[in-house]
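The values are calculated or read from the model by the stated rules, or taken from the named source; none is laboratory data. Because the structure is a prediction, the values reported are computed rather than measured. Positions of Cβ are generated from backbone atoms using ideal geometry, with glycine treated the same way; all protein chains shown enter the neighbour counts. Accessible surface areas use protein heavy atoms only, side chains included; no ligands, DNA or RNA. Shrake-Rupley method; radii C 1.70, N 1.55, O 1.52, S 1.80 Å.
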Amino acid sequence: EVYRHVMEQGGDDYYASYRMGKAFEGAGEFQEAEKWFDRALNQYADFGMAWDALGDVRQKQGKWQEALKAYEEGKRQGHLQSARDLCRLLKRLHEDDRAEECIRESLEQWPDDRSLLLLRSDILLRKKRYEEVVKCLNRYIEVYPAQTDRGYREIAECYERQGDLEKAREYYQKAIDTAPGSAR
């Protein structure tokens, strides 16, 4: 109601439309939210957050290809969250080659993004490219030292999948030594 009032008072701009879409999304009214995000983008086509939000509500409705297009446009405009969501959706759809390419391109633009690094390690793990997984996770630890134990744990899991149980044990121990109170 607040956003309706703002628009009735002449505040009918892209941001008010975007906020209206977020309100409908929060209420679980995804089709209505989609209309408002479309409206915001018709008013300001370079609004990356609206492209990401549009992708989100389309995904919640099972409109996978339409969601991909929204995220692609947001990524093209340099919106990091759109890039992350695009890569995640490609991974979820088991389009691993496209996901890997998307992650590679995104890491060129945002080389220190920990979410992209974890996505990359997941895709590489699926492809059984273990040495690259370890390298990627070591980069993750370097970028995000607060999660060193997670990086070590995932490296250990990678070695375990390879059948190198001695290396797996070494990295599980490193994870324990780094965060002895962690149940994981």
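Data for the structure
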read-out: Answer residue from the range 143-183, given it is of a type in the set (A, V, I, L, M) and part of a helix (DSSP H, G or I) and is most open to solvent (accessible area, probe 1.4 Å) among those; value: Leu165
read-out: Where a residue in the range 97-113 is within 18 Å of Gln77 (Cβ to Cβ) and its partner, wherever it lies, is open to solvent by 100 Å² or more (accessible area, probe 1.4 Å), with Cβ under 7 Å and at least six apart; value: none
read-out: Residue list for the range 1-50, filter: under 24 Å from the mean Cα position of the chain (by Cα) and aliphatic (A, V, I, L, M); value: Met20, Ala23, Ala27, Ala33, Ala40, Leu41, Ala45, Met49, Ala50
read-out: Selection within the range 89-114 - open to solvent by less than 70 Å² (accessible area, probe 1.4 Å) and assigned to a helix (DSSP H, G or I); value: Leu89, Leu90, Lys91, Asp96, Ala99, Glu100, Cys102, Ile103, Ser106, Leu107
read-out: Exclusive hit being closer than 28 Å to Lys167 by Cα and either modelled with pLDDT under 95 or basic (Lys, Arg) (or both), set Arg104, Arg98; value: Arg104
read-out: Within the range 151-184, considering residues that are touching a residue at least 12 places away in the same chain (Cβ under 8 Å) and among the basic types (Lys, Arg), the one farthest from Asp112 (Cα to Cα); value: Arg169
read-out: Residue count for the range 1-56, restricted to those that are modelled with pLDDT under 90, open to solvent by 60 Å² or more (accessible area, probe 1.4 Å) and of a type in the set (Gly, Ala, Ser); value: 1
read-out: Residues satisfying the stated conditions in the range 71-86, i.e. in contact with an Asp or Glu (Cβ under 9 Å, 6 or more places away or on another chain) and in contact (Cβ under 8 Å) with a residue 24 or more places away in the chain; value: Gly74, Lys75, Gln77, His79, Leu80, Gln81, Ser82, Ala83, Arg84, Asp85, Leu86
read-out: Some residue of the range 60-75 being touching a helix residue (DSSP H, G or I) at 6+ places or on another chain (Cβ under 8 Å), over 24 Å from Gly28 (Cβ atoms) and open to solvent by less than 50 Å² (accessible area, probe 1.4 Å); value: yes
